[in-house]
Amino acid sequence: MANNKLAIIGGSGLYDVEEFKDRELLDLNTPWGKPSDKILKAIYKNKEVYFLPRHGKGHFISPSNINFRANIDSLKQLGVTDVVSVSAVGSLKENLPPGIFVIVDQFIDRTFARNKSFFDEEIVAHVSMAYPTSKGLMNACEDAIKKEGIDYQMGGTYVVMEGPQFSTLAESNLYRSWKADVIGMTNMPEAKLAREAEIRYASVSMVTDYDCWHPDHENVDVQKVIKVLLDNASKAKNMIKNLIDNFETHIDPDDPTNNCLDVAIITAPEKRSQKTKNKLKTVAGRVLNK
């Protein structure tokens with residue numbers, strides 16, 4: 001268990017946890033470019049934790065322009081084994097009001113302008129995404145949320161739209177007809193890339209608004225969203241501290257993420273150039289160097 005390392009990828013309004021001590025900002029490079037921002041390495045209760053602001057600190061990167069591959073590769077370089085995404089979302093259900101947290105277990109990926117795989121040239125891999133989040137890490141999130149007395153729902157489907165615009169009414173009603181729970185712009189391809197890198201992944205979605213389907217919330221207003229966001233962020237910081245304490249006790253040694261590349265790479269060994277293997281050494285070196 002000593003080798004397990006947790007990273008938090010923080011979304012809108014969640015760029016840091018001020019109580020983290022022994023802070024060091026790490027400026028990393030990857031074959032895919034630079035991550036969204038410097039990665040904060042910190043110690044909390046004698047445990048090492050990493051924090052990456054998904055949109056950059058100060059929120060200057062649009063959802064479509066996030067370098068998801070660099071973000072995941074850089075965390076893998078640091079030995080991260082578990083990632084918890086914390087992000088703002090809109091609600092697609094009446095019973096999920098602003099302020100509630102949803103521990104997501106499924107995604108519908110509607111994005112179309114993003115690089116979604118590390119295996120996009122020469123070496124082909126097909127990882128399973130049937131269950132895109134790690135059950136043990138979800139349970140750790142649930143315990144951390146419960147400890148703070150935060151209203152939450154365990155399980156839910158997150159529609160990932162391209163953005164940066166909010167939904168049309170027709171789109172919002174379509175997603176509701178699919179029985180999806182929340183809508184946001186950032187967890188895909190993040191979850192797919194984490195799986196390809198054999199990093200366990202969980203997503204905690206903080207509801208900031210009802211999407212435009214709701215007759216009382218037809219216009220999603222950024223200023224109103226920010227108000228709820230800031231309140232959610234303070235709750236999320238306490239949740240994160242609890243999570244650092246408990247996540248290792250929930251790790252499942254049989255989690256399908258742990259060794260998913262063993263059965264994913266289909267390209268014949270003689271077709272794999274050293275150049276491409278070098279490019280993939282951080283995320284897939286375990287299997288490519290056998």
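Quick note: the coordinates plus some simple rules give every number you see, no bench work behind them. This is a predicted model, so every value here is computed, not measured. Virtual Cβ from ideal backbone geometry, glycine too; neighbours counted across all protein chains shown.
Worth a mention:
- Positive-end residue of Gly33, Asn46, Ala202, charge dipole of the stretch 6-288 with Cβ unit charges: Gly33
- Percentage relative contact order, the chain, counting C-alpha pairs under 8 Å, at least six apart: 25
- A cut-off under 15 angstrom between Cβ atoms defines the neighbours of Gly163, and their net charge, with Lys, Arg +1 and Asp, Glu -1, is -3.
- Residues considered: Glu190, Glu198, Glu171. Largest GNM mean-square fluctuation over the chain, using C-alpha springs under 10 Å, is found at Glu171.
- Candidates Ile145, Ile108, Ile266: whichever shows maximal mean-square fluctuation once the chain is modelled as a Gaussian network with Cα springs under 10 Å: Ile266
- Most mobile of Val84, Val17, Val263 in a GNM of the chain (Cα contacts under 10 Å): Val263
- Cα lying deepest toward the dipole's positive end in the stretch 39-163, options Gly149, Ser91, Ser128, charges on Cβ: Gly149
- Distance between the modelled labels on Arg272 and Leu169, one decimal in nanometres: 5.3 nm (7 Å Cα→Cβ projection).
- Listed by chain and number, the lysines whose alpha-carbon sits under 16 Å from that of Lys235, ignoring those within fewer than 8 places in the same chain, are Lys146, Lys147, Lys227.
- FRET efficiency for Lys147 and Leu78, using Cβ-Cβ distance with R0 set to 25 Å, rounded to 0.05: 0.40
- The chain: calculated mean residue ellipticity at 222 nm from DSSP helix runs of at least 4, using -39500 (n - 2.57): -8500 deg cm²/dmol
- Positive-end residue, the chain charge dipole about Cα centroid, Cβ charges, pick of Phe68, Gly79, Thr186: Gly79
- Extension gain for Lys34-Lys224 works out to 65.2 nm (0.36 nm per residue, less the C-alpha to C-alpha distance).
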